[in-house]
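Could you have a look at this structure, given as C-alpha cells, before my questions?
What follows is calculated from the coordinates using simple rules that are stated; it is not laboratory data. Note that the structure is a prediction, hence the values are computed from the model and not measured. Because the Cβ atoms are built from the backbone with ideal geometry, glycine has one as well, and the counts that use them run over all protein chains shown.
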Amino acid sequence: MRLYNTLTKKVEELTSPTGTVRMYVCGPTVYDLIHIGNARPFIVFDALRRVLEARGLRVVYVQNVTDVDDKIIRRAQEEGRDPAELALHYTQEYFADLERLGVRPPTYSPPATVFIPKMVELIQKLLDKGHAYVVDGDVYFSVRTYPGYGELSGRSVEEELAGARVEVDERKRDPLDFALWKGAKPGEPWWPSPWGPGRPGWHTECVVMSTYLLGETLDIHAGGNDLVFPHHENERAQAESLTGKTFVKIWLHNGMLTVRGEKMAKSLGNFYYARDVVKLFGTEAVRYFYLSRHWRKPLDFSFEALEEAKAAVGRVYNFLSEAGRIPPEAQAQDPGFRSFLSQAERKFWAELEDDFNTPGALAVLQDVIGEAYKRADPGALREVGEVVRRLARPLGLFQGEGSSPELGKLSEELLDLIVDLRAQLRQERNFALADKIREKLSSLGVELRDGPEGTRWILRS
RNA sequence: GGCGGCGUAGCCAAGCGGUUAAGGCGAGGGACUGCAAAUCCCUUAUUCCCCGGUUCGAAUCCGGGCGCCGCCUCCA
C-alpha cells in the first residue's frame, strides 16, 4: 500500500516487516455530539484499517477520547454539570455514533484521564532532559530545543516567530512554546503533579497514549489536516525529543468537509450532527459519500450530494438483490467473463493500494455491475454479485440485505396472494384496480415489478 | 503576509508524460410494458480555469496569472 505522507510530501510505501500496522487516529473531544465533518476521518481511516486487514496485515488501531479539555470545562460550567460526568455522557454518545456510522470500534479507545499519571511521567522526563520548563505551576515545552520543529507543517521557527499574532503569554520563554501541563484555576478539575495540581495539555495526551499503546514509533498517525499545526507538530516535538527516534513513519491527513466551500465547524454554525445525517440518508449513503471522494481532497457537503450517494447505493443494492435470487449453480456462459472479472478485481485492489483511491475502486465496482447487466446472463450476474459483496466488504459497504429485509412467512404469502389476484385483474384488463393496488403497495414500501415471467415484489428499505 | 492544497461535462468525481479523458447522478432518444417501475441500448468534455514554456507527445512537468479553500488560536 502506498500512501501520501504529509511529512515528506510524497507517496510512500507502507512497510510492515512484522505484518502488523500500528496506527493512531486522533479522536474526539467529548464536549458535544460529533458533527458530520468530524466523522470523515473516522470513516475514512476505518475503511483504510479494514483494507489493510483485507490485504493480510494485522492492524492495531488506537483512537483516543479527549475527556479533559478547556471546552469540556467551559461547557460543564455553562450547564452547571460536573465535567467528568459531561465527558462520560458524550463519550457514550460518541461510541453510539460510531456504530451508526458503521465504524468498527478501535482496538483501543483510551480516555485521556486514565493516562494522566503517565503524562506526568513524560513531562517530568522532558524537564529532566531540558526540553521543558516550569512557570508558576504550568509546564511549557521549549520549542527551540527540538531542531526538527516545523518540518511536518512546513513552517520555519523564524517565520512563526515573525508571524505570531496571538497575544504572547509573557511567562513563556518563547512565543512558540506550548503548554504541557496547565495549573488548575479555582473550580477546575485537577490531578496532582510535582508542579502542583493541574491537567495535561492536549498535545501531550496523544503522545502518551499513542506511544504507550503502540510503541515509540508508529506506522501511521492520522487525523484531519487542520491538526497538522500545531497539534501534530507539537506531538512530534515531544515524542522525538524524548526518544530520539522517529515518532511516526507515515502521517496521514484527510481533507476537510466543507459546506458551500467553507469548512464545516461548530464555531461557524454550519454543521449537522452525524446522527441526524445518518437518520436522514442511512449509514451506507454516508459512507459512500465519503468514499466517493479521495480522502485528501476537500469534500463539499449538501443534501443533494447525500441524495446522490443514496441513489448510487440503492442502485447497487438493486443489482445485488437481482443477483441474489439466481441459483448458486448458475455459471457465466462466456468463458472470457472469468478473466474480465479477475482483471476487475486486480484493478480494484490496485486503486486502493495506490494512495487509497476509494473513488477509483468504487468506479471499478460500478463498471463491473454495468457489464454484468449488459451480458444478460444469469450466471454472470450471480458471479458479479458475489464479487461485489466480497470486494466492498473492507469498505464497509454493500454487506446488508439491501432491499429485502426479513418478512414473516404469513406476510410473504399474503403478498404473493395479492400479486396473484392482481395478475388476474390485469388479465381481465382491469388496469385501474391493478394500478391502484400497485400504488397502495408502493406507499407501504412494497415495489411491484412486472416482467415477462410475471410479477415480483421487492421491499424498499 | 507565510505555509499547504484545490480548479476536469449540467452536477459529483477518477486520472499524476502517450488511454477512445474512468465511474456515478441528471438530461434526451429508443427497447421492454396495458401504463409504470426496474433493467438494457444509444446520445451528453475534440478537451481538462487562463497565458506562456519544456517535450515527438501535456489534464498530467515548469513559469506566470485568475478564482476558491485550509492552517498559522488545544477545530476531525
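For the stretch A:2-254, report the translational diffusion coefficient in µm²/s to the nearest whole number, using Stokes-Einstein at 20 °C, 1.002 mPa s, and a Kirkwood Rh over Cα pairs.
For the chosen part, D equals 113 µm²/s.
Let me ask something additional. Using the alpha-carbon centroid of each, what span in Å lies between the stretch A:201-232 and the stretch A:415-452?
60 Å
Expressed as cubic angstrom per residue, what is the convex hull volume of the alpha carbon set of the stretch A:70-135?
Looking at the stretch A:70-135, the number lands at 136 Å³ per residue.
Find which of A:L397, A:G370, A:S443 sits farthest along the positive direction of the dipole of the stretch A:325-455, computed with +1 on the beta-carbon of Lys and Arg, -1 on that of Asp and Glu, about the Cα centre.
Value computed over the given set: A:S443.
Follow-up question, since we're still on this one. Could you give the radius of gyration (one decimal) and Dmax (whole number) of the Cα atoms in chain A, in Å?
27.0, 93
Taking the stretch A:277-395 on its own, what percent of its Cα-Cα pair distances exceed 25 Å?
Here the long-distance tail beyond 25 Å is 27 percent of all Cα pairs in the stretch A:277-395.
Run lengths n ≥ 4 of DSSP H only: what is the helix-derived mean residue ellipticity at 222 nm for chain A, with -39500 (n - 2.57) per run over all residues, to the nearest 500?
So the helix-based figure for chain A works out to -14500 deg cm²/dmol.
Tally Lys and Arg at +1 and Asp and Glu at -1 over the other residues with C-beta under 14 Å from the C-beta of A:R456: what net charge comes out?
Values: positive: A:R325, A:R422, A:R438, A:R449, A:R460; negative: A:E322, A:E412, A:D416, A:D420, A:E447, A:D450, A:E453.
Combined, the nearby Lys, Arg, Asp and Glu give -2.
I'd like to compare A:278-287, A:447-456, A:21-30, A:53-62: which one has the highest average count of other Cβ atoms within 10 Å, and what's the full order after that? Let's see the in-between values first.
Details: A:278-287: 20.1, A:447-456: 11.7, A:21-30: 24.5, A:53-62: 16.9.
Result, highest mean Cβ count within 10 Å first: A:21-30, A:278-287, A:53-62, A:447-456.
With the cut-off at 13 Å, report for the stretch A:409-459 the share of all Cα pairs above it, as a whole percent.
56 percent
Determine the distance separating the Cα centre of the stretch A:42-109 from the Cα centre of the stretch A:278-344; give it in Å without decimals.
Taking the Cα centre of the stretch A:278-344 as reference, the centre of the stretch A:42-109 is 27 Å away.
Given a cut-off of under 8 Å on Cα pairs at least six residues apart, what relative contact order in percent is computed for chain A?
This gives 16 percent for chain A.
Show me the helices of chain A, taken as full DSSP H stretches, that run 30 Å or more along their long axis by Cα and average -1.0 or above in Kyte-Doolittle hydropathy.
The answer, listed by residue number, is A:303-324.
State the answer as a single residue: which of A:Q333, A:V114, A:G196 lies farthest towards the positive end of the charge dipole of chain A, with beta carbon charges of +1 for Lys and Arg and -1 for Asp and Glu, about the Cα centre.
So the residue furthest toward the plus end is A:Q333.
To the nearest 0.05, how large is the calculated FRET efficiency for A:S156 and A:A311 if R₀ is 51 Å and r is the Cβ-Cβ distance?
0.60
Continuing with this model, one more query. What's the local net charge at A:V59, with K and R +1, D and E -1, over the other residues with C-beta under 13 Å away?
Charge balance near A:V59 sits at +3.
What does the highest-first list of A:412-419, A:314-321, A:82-89 look like by mean Cβ count within 10 Å? Write down the numbers at each step before the final one.
On the way: A:412-419: 13.8, A:314-321: 18.9, A:82-89: 16.4.
Per-residue Cβ counts within 10 Å, averaged per peptide and sorted highest first, yield A:314-321, A:82-89, A:412-419.
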